[in-house]
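One structure is given below, encoded as structure tokens.
The values are calculated or read from the model by the stated rules, or taken from the named source; none is laboratory data. Because the structure is predicted, anything quoted here is derived from the model rather than measured. Glycine also receives a Cβ, built like all others from the backbone with ideal geometry; neighbour counts cover every protein chain displayed.
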Amino acid sequence: MKHIRNFCIIAHIDHGKSTLADRLLDFTGSVTEREKQAQLLDNMDLERERGITIKSHAIQMDYVHEGEQYTLNLIDTPGHVDFSYEVSRSIAACEGALLVVDAAQSIQAQTISNLYLALENDLEIIPVLNKVDLPSANPEEVTDDIVDLLGCDPEDVIPASAKTGIGIEEILHAIITKIPAPSGKVDAPLRALIFDSVYNPFRGVETFFRVINGSIKKNQHIKFVATGKDYSADEVGTLKLIQHPKQEIKTGDVGYLITGIKDAREVKVGDTITDAKNPTTEAVAGFEDVKPMVFAGIYPVDTEDYEELRASMEKLQLNDASLVFTPESSAALGFGFRCGFLGMLHLEIIQERLEREFDMTVITTVPNVSYQAYTNKHPDDIILVNNPSDLPEPSTLNRVEEPFIKASIITKADYVGPVMSLCIEKRGEITNQSYLTTERVELSFDMPLAEIVFDFYDRLKTVSRGYASFDYSPIGLRTSKLVKVDVLLNGNKVDALSALLHQDNAYDIGKKMCEKLKELIPRQQFDIPIQAAIGAKIISRETVKALRKDVTAKCYGGDISRKRKLLEKQKKGKKRMRQVGNVEIPQEAFMAVLKLN
Ligand code: GTP
């Protein structure tokens, strides 16, 4: 145990986490050329393209220091706010963290919030000033920022370049000398923390764990505390670039477990593994059942593909337990699913995977967060509103509560004004403003989660010219004036276009939605009125003017094949349309509310 070091890397996206991990693996000789890929830890295609580590894994390195052989377990952490619970569990599995800061960009909001998580878990922090090779690097100033943040000595900050190899040996030296070895009871009953899992279609779910007390042996009869299910540990082993099966994983070490579980939902990140016959009395603290934050309807473009969509979603859920869905139907779109996601990035990933891996073409409806409503008749009964249609009639409604977040934004002093205006427009209330340095300011806001789900990231980037970073955590529900805005096309309500909006925004957004839909809905043989309404009250109106000419008119008497081609073309266009009543709505119209500005 005294030769084990468990650590993770805390870094803002693009500050060089993956590159540094590669360099450490190289330096410790943990990689053979054949196994080498450009980015070793990111091995899902989609992840590589987006440059975001979606699912964390772990990797073991051997390193000889002053004649002694050490085992270093690097536990990877996802780099996006949608996955902050998983980050917290990875951190809980470590004794130390490398805090990697880009020498040109300095500290960002995401870095700070993950750093706080690490400090709460008593991790030893090793500050690394990365990218010192860059001409734009500002090592003195950024070192000062780090010293201010951590209260450490400037000499503790290791100047490094994951690209050229500067500082790598110093980092390894610090990992061994500064990060404490794990402490744990070798003789106590098995107690291990699950910090991640991955679905493998051939072997079932692979569970990654850190042993806190006792050990886990091949073929041991084990139990997961939170789910209460028991299994045989068919295979245990350590994680190098490939998995190495072992007879036993001992106290303090990190490994993988295979039990033949076929459903990702049985393996919950944060759960405790223990011995089935001699269980631990104390589960690892901090377990949470992750709850979806954002909901949207997903419908097949072709109604006939409903069953295929269901099968695809079920397969997706097998390897992504944080995806939840229930069947729902819409008058406009037919049968589909109401799906819950961890955040907007997760929604986009699921949509993309459905299209790429399952070849499905889907319509996604306007996302909303989960509200709680109460009626006058039963003021104590919570009504969960995950769908605009769940909101009780305004006349029966007592109140609605909406989820709020604490937002932290770090920006340059020059952009404080525009960032504040944006947050206030998004119903934010400033709670704190502090200068980290003379140039960099941290702003804290309490804001409704719903406001950041839409276009907040993009707007923030624009108003700060890219010089702002953003992070948030939920702080509970607050009473809110929420209304349902419906859209009527040609007098018919299109349920899939309904949105839940704050009363103060409803008129403005209702108007913009009508304008946007007017752009998106093609002209047809008749005038199409587009109306936005709250209850029976029309709040806005636009009209798509009737088409004058018959498209085939000019072909009469002409070349028949040309006419056929034209019809063919029209038909193709139709495939991506949805007929609602007698109006054809293009697919992108269902997400129009997201693209209003
Ligand atoms: P995510 O996976 O998106 O979280 O990013 P990351 O933090 O893992 O960053 P990554 O390692 O992918 O590096 C981001 C970019 O910075 C890449 O283009 C790297 O080549 C580059 N980079 C990383 N380290 C250094 C460095 O020390 N010097 C220079 N010049 N570039 C670096």
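Per-structure values
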read-out	value
Evaluation of Gly466 against (1) surrounded by fewer than 19 Cβ atoms within 10 Å (Cβ to Cβ); (2) at negative phi (one fails), failing number	(2)
Candidate set: segment 478-531, residues that are polar (S, T, N, Q) and farther than 16 Å from Val544 by Cα; chosen: the one surrounded by the most Cβ atoms within 10 Å (Cβ to Cβ)	Ser498
Which listed residue is within 12 Å of the ligand (Cβ to nearest atom), at pLDDT 90 or above and touching a Ser or Thr at 6+ places or on another chain (Cβ under 7 Å), from Ile10, Ile4	Ile10
Residue in segment 362-380 that is farther than 30 Å from Ala536 by Cβ and either among the charged types (D, E, K, R) or crowded, with 20+ Cβ neighbours inside 10 Å (or both) present	yes
Strands (runs of 3 or more DSSP E) within segment 214-304 that include 3 or more residues farther than 30 Å from Gly29 by Cα	221-224, 230-232, 272-275, 294-300
Matching option when the condition is surrounded by fewer than 20 Cβ atoms within 10 Å (Cβ to Cβ), without any contact (Cβ under 8 Å) to a residue 60 or more places away in the chain and not in a loop (DSSP other than H, G, I, E, B), among Glu206, Glu141, Glu170	Glu170
Residues located in segment 384-401, provided they are buried (at least 20 other Cβ atoms within 10 Å of the Cβ) and either more than 30 Å from Phe470 (Cβ to Cβ) or within 20 Å of the chain's Cα centre (by Cα) (or both)	Asn386
Which numbered condition Ala264 fails, given (1) out of contact with any Cys (no Cβ under 9 Å at 6 or more places or on another chain); (2) outside the structural domain of Ile216 (by the TED database)	(2)
Members of segment 14-28 that are touching a strand residue (DSSP E or B) at 6+ places or on another chain (Cβ under 7 Å) and near the ligand (Cβ under 8 Å from one of its atoms)	His15, Gly16, Lys17, Leu20, Ala21
Hits in segment 98-138 (condition: under 27 Å from the mean Cα position of the chain (by Cα), within 13 Å of the ligand (Cβ to nearest atom) and either farther than 19 Å from Ile176 by Cα or free of Cβ contacts under 8 Å to residues at least 40 places away in the same chain (or both))	Val101, Asp102, Ala103, Ala104, Gln105, Gln108, Gln110, Thr111, Asn114, Leu129, Asn130, Lys131
